[in-house]
Amino acid sequence: MTFEYAPAPESKAIVSIKPKYGHFINGSFVAGKKHFPTINPATEEILSHISLGGLSDVDKAVAAAQKAYTKTWSKLSGKERGKYLYRIARILQERAREFAVLETLDNGKPIRETRDIDIPLVAAHFFYHAGWADKLDYAGLGHSPQPYGVAGQITPWNFPLLMLAWKVAPALATGNTVVLKPAETTSLTALLFAEVCQQAELPDGVVNIVTGDGSTGAAIVNHPGIHKIAFTGSTDVGKKIARAIASTDKKATLELGGKGANVVFDDAPIDEAVEGIVNGIFFNQGHVCCAGSRLILQESIADEVIEKLKVRMSKIRVGDPLDKNTDLGAINSKEQLVKITELSAIGDAEGAERWSPQCNLSDKGFWFAPTIFTGVTQAHRIAQEEIFGPVLSILTFRTPQEAMDKANNTPFGLSAGIWSEKGSRIFWASQHLKAGVIWANTFNKFDPASPFGGYKESGWGREGGKHGLAAYLKTGKETGAK
Ligand code: NDP
């Protein structure tokens, strides 16, 4: 006997979305000149209109951030800065439900994830960095490390508020001020965060948010008043940013793409591994830079794992992101759906075998069923390129060394997973995998104290932990100290 789930939709009543938004500059909302619509990707309903920031808006925001840096923020002690961060963290917790619903509406990700993962982690990042604000001299970064000044921050659409927190919290804790541009399709929670800054009585100009598209991001990157850039997004745009700042003294952290390998050895606990595989690729619709998008299975257990994976995937509930029982929500945009559809068609054309469970996908909105490809080889584009959707490429191996060679054979090096019962094998594999983050017998676990970042085309630098603080601080000779 099977039970059907009754609908369990979260109410939208808690959020109040304005028909139109301006930029948040110097502590106030200022009207934009041009606007573009932002939609709910699950229904294609227009939620609001967002301002398209131009050069003059970026100029004003940078001027406000510079003034706040010189006159206020750099004059406060770490303890005082920490108090603001604690206040922001508490307000975020108090308004968590509102943020979770708004993020789900704007992004398409399930409420279960925004409520239980995104927003609690956002608050955790502010709490964690609040604790560091008065202890920077003891962070192992040298005597009296100094902030850079104004940080330009550009965030993607896959974890809109969480990526804001990854960037704003360390910048503020270390004494920098901020000009941030959220992704074009998901600006609403950043604008609600601006209200939290007002509620926390953060001094004017410490956080400035200019909404817009890629040209707005480029204006921030190229602005001479910006001293440090923090970017999360595609490798292509990361390369453009690296080129743009090459002849300047701007510092940068770039968190770019990935093609994470999830390696399952024959001694792994199979049922747990199947849960980890599902979490690795279907969490957040696979819109995750560190997703376990390549499953590398020991040949002797491949059939069993794939059979169990199919059974588990048949239980994934795809649909209304606001329903509390939904596991897989909407794809964030039409453009992203086209990209996923095209790369999957390339997988078919290259001879890999596609499988998806039966799903009733709505005609409205952007949807893609959870999908696996078997018979994938290293030469296939679906084994090399980031699909950034709920699509898993499955490869097999016979020897542990072959597993490592296959896992490392992409231009990326962001994340990897190891599934094995033996500690010695886990240590051996983690020494051979070229990835910035390696999980053992789990996947997609995040913590503000843990540095995150990649090798090769996955980016520069680390965010989170002490390493993330270092990216916002001048140390040693950089401070001018003799
Ligand atoms: P982008 O890299 O284009 O976007 C990331 C952010 O950068 C957005 O705020 C974007 O603005 C901004 N941006 C775009 N062009 C420039 C520029 N020249 N200078 C400065 N900032 C710029 O990612 P997309 O949203 O276009 O997604 C494309 C692909 O990137 C995805 O399919 C996925 O593979 C990958 N991706 C990877 C992410 C990761 O976490 N590693 C996150 C998101 C995407 P706007 O939104 O207006 O374009």
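The values are calculated or read from the model by the stated rules, or taken from the named source; none is laboratory data. Worth saying up front: this structure is predicted, and the values here are computed from it rather than measured. Virtual Cβ from ideal backbone geometry, glycine too; neighbours counted across all protein chains shown. Side chains included, ligands, DNA and RNA excluded: accessible areas come from the protein's heavy atoms. Shrake-Rupley method; radii C 1.70, N 1.55, O 1.52, S 1.80 Å.
Quick notes on this structure:
- Pairs where the first residue, in region 143-170, is free of Cβ contacts under 8 Å to residues at least 60 places away in the same chain and under 20 Å from residue 88 (Cα atoms) and the second is in a strand (DSSP E or B) and more than 11 Å from the ligand (Cβ to nearest atom), C-beta under 9 Å, 6+ apart: 164/209; 168/151; 168/178; 168/207
- Subset of region 386-412 that is open to solvent by 50 Å² or more (accessible area, probe 1.4 Å) and in a helix (DSSP H, G or I) - its residue that is nearest to the ligand (Cβ to nearest atom): 405
- Residue pairs meeting the criteria (Cβ under 6 Å; at least 6 apart or on separate chains; first at pLDDT 95 or above, in region 329-345; second among the charged types (D, E, K, R) and buried (at least 22 other Cβ atoms within 10 Å of the Cβ)): 329/109
- Taken over region 286-316, the criterion of being out of contact with any Leu (no Cβ under 6 Å at 6 or more places or on another chain), assigned to a helix (DSSP H, G or I) and open to solvent by less than 20 Å² (accessible area, probe 1.4 Å) is satisfied by 286, 301, 302, 309, 313.
- Taken over region 99-145, residues that are more than 12 Å from residue 322 (Cβ to Cβ), open to solvent by less than 10 Å² (accessible area, probe 1.4 Å), touching a Ser or Thr at 6+ places or on another chain (Cβ under 7 Å) and not in a helix (DSSP H, G or I) amount to 0.
- Given (1) in contact (Cβ under 8 Å) with a residue 60 or more places away in the chain; (2) within 24 Å of residue 303 (Cβ to Cβ); (3) surrounded by fewer than 24 Cβ atoms within 10 Å (Cβ to Cβ), index of the condition residue 443 fails: (3)
- Residue count for region 304-355, restricted to those that are of a type in the set (S, T, N, Q) and over 26 Å from the mean Cα position of the chain (by Cα): 1
- Only one of the numbered conditions (1) closer than 27 Å to residue 163 by Cα; (2) polar (S, T, N, Q); (3) within 16 Å of the ligand (Cβ to nearest atom); (4) in a helix (DSSP H, G or I) is violated by residue 332, and that is (4).
- Sole exception among (1) assigned to a loop (DSSP other than H, G, I, E, B); (2) within 16 Å of the ligand (Cβ to nearest atom); (3) out of contact with any helix residue (DSSP H, G or I) (no Cβ under 9 Å at 6 or more places or on another chain) for residue 339, by number: (1)
- From 446, 427, residue being of a type in the set (A, V, I, L, M, F, W, C), farther than 22 Å from residue 394 by Cα and not in a loop (DSSP other than H, G, I, E, B): 427
- Test: residue 87 is charged (D, E, K, R) and open to solvent by 70 Å² or more (accessible area, probe 1.4 Å): yes
- Where a residue in region 297-321 is more than 15 Å from residue 283 (Cβ to Cβ) and its partner, wherever it lies, is open to solvent by 20 Å² or more (accessible area, probe 1.4 Å) and part of a loop (DSSP other than H, G, I, E, B), with Cβ under 7 Å and at least six apart: 298/266; 299/398; 300/266; 301/266
For every residue, the table says whether it meets (1) within 28 Å of the chain's Cα centre (by Cα); (2) of a type in the set (A, V, I, L, M).
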{"residue": "261", "(1), (2)": "yes, yes"}
{"residue": "270", "(1), (2)": "no, yes"}
{"residue": "275", "(1), (2)": "yes, no"}
{"residue": "278", "(1), (2)": "yes, yes"}
{"residue": "282", "(1), (2)": "yes, no"}
{"residue": "285", "(1), (2)": "yes, no"}
{"residue": "293", "(1), (2)": "yes, no"}
{"residue": "298", "(1), (2)": "no, no"}
{"residue": "302", "(1), (2)": "no, yes"}
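- Filter result for residue 391 (in contact (Cβ under 8 Å) with a residue 40 or more places away in the chain and in contact with a Cys (Cβ under 7 Å, 6 or more places away or on another chain)): no
- Screening region 180-281 for strands (runs of 3 or more DSSP E) wholly inside it with 1 or more residues that are within 14 Å of the ligand (Cβ to nearest atom) and crowded, with 23+ Cβ neighbours inside 10 Å returns the ranges 207-209, 228-232, 251-255.
- Counting only residues that are of a type in the set (A, V, I, L, M), out of contact with any Ser or Thr (no Cβ under 8 Å at 6 or more places or on another chain) and over 18 Å from residue 186 (Cα atoms), region 196-217 holds 2 of them.
- In the set (1) open to solvent by 50 Å² or more (accessible area, probe 1.4 Å); (2) within 27 Å of residue 130 (Cα to Cα); (3) not in a helix (DSSP H, G or I), residue 467 fails one condition alone, (3).
- Check on residue 22, open to solvent by less than 50 Å² (accessible area, probe 1.4 Å) and farther than 19 Å from residue 207 by Cβ: no
- Filtered residues of region 349-385 (kept if part of a helix (DSSP H, G or I) and either over 27 Å from residue 319 (Cβ atoms) or open to solvent by 70 Å² or more (accessible area, probe 1.4 Å) (or both)): 349, 381, 383, 384
- Residue, most open to solvent (accessible area, probe 1.4 Å), within region 146-164, restricted to residues that are within 16 Å of the ligand (Cβ to nearest atom) and among the aromatic types (Phe, Trp, Tyr): 157
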